[in-house]
1. Between Ser230, Ser294, which is in a loop (DSSP other than H, G, I, E, B), among the hydroxyl-bearing types (Ser, Thr, Tyr) and surrounded by fewer than 18 Cβ atoms within 10 Å (Cβ to Cβ)?
2. Please go through the stretch 34-45 and pick out each residue that is crowded, with 22+ Cβ neighbours inside 10 Å and farther than 17 Å from Glu12 by Cα.
3. Going by the conditions given, is Thr258 assigned to a loop (DSSP other than H, G, I, E, B), in contact with an Asp or Glu (Cβ under 8 Å, 6 or more places away or on another chain) and over 19 Å from Gly153 (Cα atoms)?
4. Given the residues Ser167, Ser146, Ser237, which is the only one that is among the small types (Gly, Ala, Ser), closer than 30 Å to Leu89 by Cα and modelled with pLDDT of 95 or more?
5. Restricting the first residue to the stretch 24-44 and requiring it to be under 25 Å from Lys229 (Cβ atoms), which pairs with a second residue that is charged (D, E, K, R) and surrounded by fewer than 24 Cβ atoms within 10 Å (Cβ to Cβ) meet a Cβ separation below 7 Å and a spacing of at least six or different chains?
6. Looking at (1) over 25 Å from the mean Cα position of the chain (by Cα); (2) exposed (fewer than 13 other Cβ atoms within 10 Å of the Cβ); (3) not charged (D, E, K, R), which one does Asn248 not meet, given that it meets all the others?
7. Kindly establish whether Ile58 is over 22 Å from Leu227 (Cβ atoms) and assigned by TED's automatic domain parsing to the domain that holds Ser240.
8. Mind checking which helices (runs of 4 or more DSSP H) fall wholly inside the stretch 31-95 and carry at least 2 residues that are more than 20 Å from Pro7 (Cα to Cα)?
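The values are calculated or read from the model by the stated rules, or taken from the named source; none is laboratory data. From a predicted model like this one, the values you see are computed outputs, not experimental measurements. Methodologically, a virtual Cβ is constructed for each residue, glycine included, from the backbone with ideal geometry; neighbour enumeration extends over all protein chains shown.
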Amino acid sequence: MDYIHIPVMVKEVCEVLNVSEGGLFVDCTLGPGGHSEAILEATPLTNILGIDRDSSAIEIAKNRLKKFGSRVTILNCNFKEIDFWKPYLKEEPKGILLDLGLSSLQLQEGRGFSFKDEKSLDMRMDTSKGIKALEFLKNSKEQELSEILNKYGEVENPHKIAKAIKSALKEERIKSAKDLSQVVEEVISSKRDSKHPATKIFQAIRIFINEELKGLDKFIKDAVSILQKSGRIVVISYHSLEDRIVKNSFRELKKGCTCPPQFPYCICGNEPIVSFASKTPLRPDMNEVLTNPSSRSARLRYAIRK
């Protein structure tokens, strides 16, 4: 399958990770392999451990990266399963990359990630596990759906939207992602920005189905602990919920101490794990946004291991 994928903020990723100096890098969200390809092309001294739970993306990445031979190891698993993939590390990694966005492959593949998808309402990143989005919507209570829309999408009027979705399901009007987006459009009118009215609704359901935020903070802290000295972790997020977790995790790793602020001195004994954590995220420049609109929401944060 010929597939062109444009990795987001690839220049910034390579610069922040110092890939030109070589070393072992872990691409925790390998996708179709765009970031890994750029890292491997920087110097023949780089090696990649690539991880992804999407088997379709894995096959494309294998084909894309086969020219690098033994410098590439690819695993089909969830990056949060760190105890599973850690034994595959041949040395302490110099850098770890986490791109939390959807790839255009997933939007095009007919799994219900796209508002225009007439074939499916699945939304699972790993189609071998979990419940499909349509099944969840059918089985969920209106109140439960409302709470999920509020928690994971920060949606305005979640009760009104949940009620409309459940009503449409009873009338058997929702069988695909396109059907769902049309129901949402009946409730939410387009506003000032250019985002589709169903953006936050799809985001909330997708996050819930794939447990995207569950354990993210723990993973970041565990991942930093396996970096070599002065190694770097880079995380690219696309909405405020993810970015907030990343920012707070980095801040805690830099602070070290977990004692309540009213304590006169530290009794926990926790030392800072990172020497630097970016306070302000890097954003794609205008040229990238114009050539790759999917990058417009990207926020890149990084931290450096002590």
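1. Values: Ser294 fails: in a loop (DSSP other than H, G, I, E, B).
On inspection, the qualifying residue turns out to be Ser230.
2. none
3. So Thr258 passes the test.
4. Result of the check over Ser167, Ser146, Ser237: Ser237.
5. Every condition considered, the pairs that remain are Leu24/Lys90; Leu24/Glu91; Leu24/Lys94; Phe25/Lys94; Leu40/Arg71.
6. If we test Asn248 against (1) over 25 Å from the mean Cα position of the chain (by Cα); (2) exposed (fewer than 13 other Cβ atoms within 10 Å of the Cβ); (3) not charged (D, E, K, R), just (1) comes out false.
7. Values: over 22 Å from Leu227 (Cβ atoms): yes; assigned by TED's automatic domain parsing to the domain that holds Ser240: yes.
Taking the combined requirement at face value, the residue satisfies it.
8. Numbers: elements: 34-42, 55-65, 82-85.
Answer list for the stretch 31-95: 82-85.
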